[in-house]
1. For segment 338-398, report the convex hull volume of the alpha-carbon atoms normalised per residue, in Å³, without decimals.
2. Give, as a single signed number, the net charge of other residues whose beta carbon lies under 12 Å from the beta carbon of Tyr33, with Lys and Arg counted +1 and Asp and Glu -1.
3. Roughly speaking, to the nearest percent, how much of segment 1-157's 1.4 Å accessible area is carbon and sulfur?
4. List the relative contact order of segment 180-287 as a percent without decimals, with contacts defined as Cα pairs under 8 Å and 6+ residues apart.
5. Counting only heavy atoms of the protein chains, get the accessible area per residue of the chain (1.4 Å probe) and round it to a whole Å² value.
6. Can you tell me the equivalent ellipsoid semi-axes for segment 362-426? Use √(5λ) from the Cα gyration tensor, largest first, whole Å.
7. Of all the Cα-Cα pairs you can form in the chain, what percent are over 47 Å apart?
8. Cα to Cα, under 13 Å, and not fewer than 8 places away if on the same chain: which aspartates and glutamates meet these conditions relative to Lys389?
Amino acid sequence: MASLLETYACAPSTERGRGILISGDSKSNNILYCTGRSVIIRNLENPLQVSVYSEHAYPVTVARYSPNGEWIASADVSGTVRIWGTHNDFVLKNEFRVLSGRIDDLQWSFDGMRIVACGDGKGKSFVRAFMWDSGSTVGDFDGHSRRVLSCAFKPTRPFRIVTCGEDFLANFYDGPPFKFNMSIRDHSNFVNCVRFSPDGSKFITVSSDRKGIIYDGKTGNKLSELSSEDGHKGSIYAVSWSPDSKQVLTVSADKSAKIWDIVEDGSSGTLHKTLSCTESGEVEDMLVGCLWQNDFLLTISLGGTINLYSAKDLDKSPLSIAGHMKNVTILTLLKKSEKMLLTSSYDGVIIRWIPGKGYDGKFDNKQFGLIKLLVAGEDGVIASGFDNKVYRVPLEGDNLGPAEIVDVGSQPKDLSLALDHPELAIVAIESGVVLLNGSKVLSTVKLDFTVTAAALSPDGSEAIVGGQDGKLRIYSVSGDTITEQTVLEKHRGAITVIKYSPDVTMFASADLNREAVVWDRASKEVKLNNMLFNTARINNLAWSPDSTLVATGSLDTCVIIYEVGKPASSRRTIKGAHLGGVYGLTFIDQDRVVSSGEDGCVRLWNLISE
């Protein structure tokens with residue numbers, strides 16, 4: 001069997017013009033954030049320690065630990081809250097339909113008995129508080145007329161709840177059972193976040209009008225504002241208190257995070273330090289989320305990058321952790337000796353990973369927008385997007401050099417490099433194939449069938465082209481001409497991928513009809529058949545370095561490893577490798593295989609049977 005060694009987690013889902021509310025558990029130092037339909041649990045001391053909860057049927061918006069750290073409540077866009085245990089396989093405790101629209105924030109009471117959730121709903125129901133075990137409503141929340149963006153539960157008795165939202169109001173409720181006390185009308189724009197201090201004496205609201213205002217926790221009376229001289233220049237999206245209730249951290253669309261000193265009685269809030277962002281000043285660097293947990297200060301940018309600062313030493317440059325937000329369709333081994341992995345999602349984000357270390361930086365990818373295909377050679381990569389262009393990009397140190405652009409006249413379906421002569425490449429387009437030498441088109445060959453995949457042998461003398469009709473046609477290549485040699489018929493669906501084995505004695509092909517075949521290159525005979533154990537289309541194939549193992553990655557979320565020379569039924573299966581399907585697959589060495597998929601994560605598996 002295969003065991004999971006490492007997970008390189010996806011980045012939090014962000015949305016332009018909205019804050020994201022992340023939370024954590026101060027005992028275990030884990031944090032929670034949401035991406036798509038998954039809740040990601042990460043440890044701040046060891047960011048490679050990742051678990052994923054993916055039982056929601058809709059995209060998840062917010063997740064929170066209960067005060068004792070035993071349970072997690074997570075909510076999604078359909079208005080459903082699920083409460084599940086943090087141990088033994090995330091056992092589900094309860095599921096409640098709380099609101100009729102999306103939930104934007106939820107909070108536990110400090111005794112862990114009640115939960116308040118807020119968001120969007122039909123009519124006037126934007127906020128609801130309920131018992132965590134029975135789901136029965138505790139209180140009546142009137143007073144909001146538009147979507148409620150954030151809510152907070154006072155962490156000490158007497159209980160209070162504050163909510164704030166898009167109607168520029170913050171509402172103050174007493175209880176339980178909770179009832180409306182008063183509206184606070186001090187802001188002139190969306191109120192994005194409200195948080196009680198850990199000692200319960202004060203709460204703060206931050207808003208898109210660039211103000212942060214501090215109130216008394218028991219009565220709701222205004223105490224002071226964060227000083228405006230050195231305040232934020234853009235909307236403030238989120239706020240988080242320090243564990244000792246003496247400071248707050250705010251993040252804003254002006255790409256900065258600020259730490260403020262709050263006087264004990266709340267009578268003033270003065271700037272302590274600005275954590276400036278070292279990045280390039282792009283839109284992606286707007287900060288949309290923050291968290292102050294134990295000794296860690298966390299900020300999250302619109303591009304999904306998490307920066308970790310240490311509260312003890314704020315001048316130290318932060319540790320950056322990033323990941324993909326979208327389907328990771330491309331996964332390739334860059335430097336064979338250093339074992340560096342390159343992944344790309346279709347939104348054009350290209351990230352380097354190093355096994356054992358994790359995130360190693362992003363490539364600057366301004367020169368090509370969306371990415372559909374990418375193949376790495378020895379000293380460069382070749383990529384194509386959703387237009388007619390193919391980009392040849394040299395590697396310069398830790399970054400990509402200027403791209404040479406080739407127009408191939410039609411949208412590329414598949415790319416393949418001759419590994420021994422990386423200047424030679426074949427591009428499959430719908431009507432045929434294009435042969436490239438460097439950035440020059442040698443020839444465009446029209447073929448009389450619809451092309452879906454192509455592969456070029458390492459010496460560049462042979463090409464295999466797969467068609468919509470499920471046939472593999474083998475061509476010999478010399479200069480700019482290709483001549484058909486043989487046609488292989490075995491597949492019953494359109495070919496999705498063709499790969500030569502590293503020792504070039506075999507090649508493998510796979511189709512939409514969930515079948516893979518290993519062929520002998522010299523005799524053109526089938527070497528391994530009945531590889532029919534996937535239940536949906538096969539997206540990718542990978543060979544182990546010594547050409548004895550073939551792995552397939554499929555839409556059915558499984559990775560299956562076959563051994564050449566043994567019957568296909570003696571396979572090893574990794575079930576549920578990626579929620580939504582496996583799209584990228586490569587071997588690092590004989591015992592380790594890496595997969596990537598729809599869930600935005602990259603996972604490293606160990607194949608040695610324990």
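1. Dividing the Cα hull volume of segment 338-398 by its residue count gives 83 Å³.
2. Net of charged neighbours comes to +2.
3. The C+S portion of the solvent-accessible surface of segment 1-157 is 47 percent.
4. Across segment 180-287, relative contact order equals 20 percent.
5. Per residue, the chain has an accessible area of 38 Å².
6. 17, 16, 9
7. Roughly 25 percent, once rounded to a whole number.
8. Glu404, Asp407, Asp414
The values are calculated or read from the model by the stated rules, or taken from the named source; none is laboratory data. These figures come from a predicted structure and were not determined experimentally. When we count neighbours, we look across all protein chains shown, and the Cβ atoms used for this are built from the backbone with ideal geometry, even at glycine. Areas reflect the complete protein model, heavy atoms only, side chains present, ligands, DNA and RNA absent. Shrake-Rupley method; radii C 1.70, N 1.55, O 1.52, S 1.80 Å.
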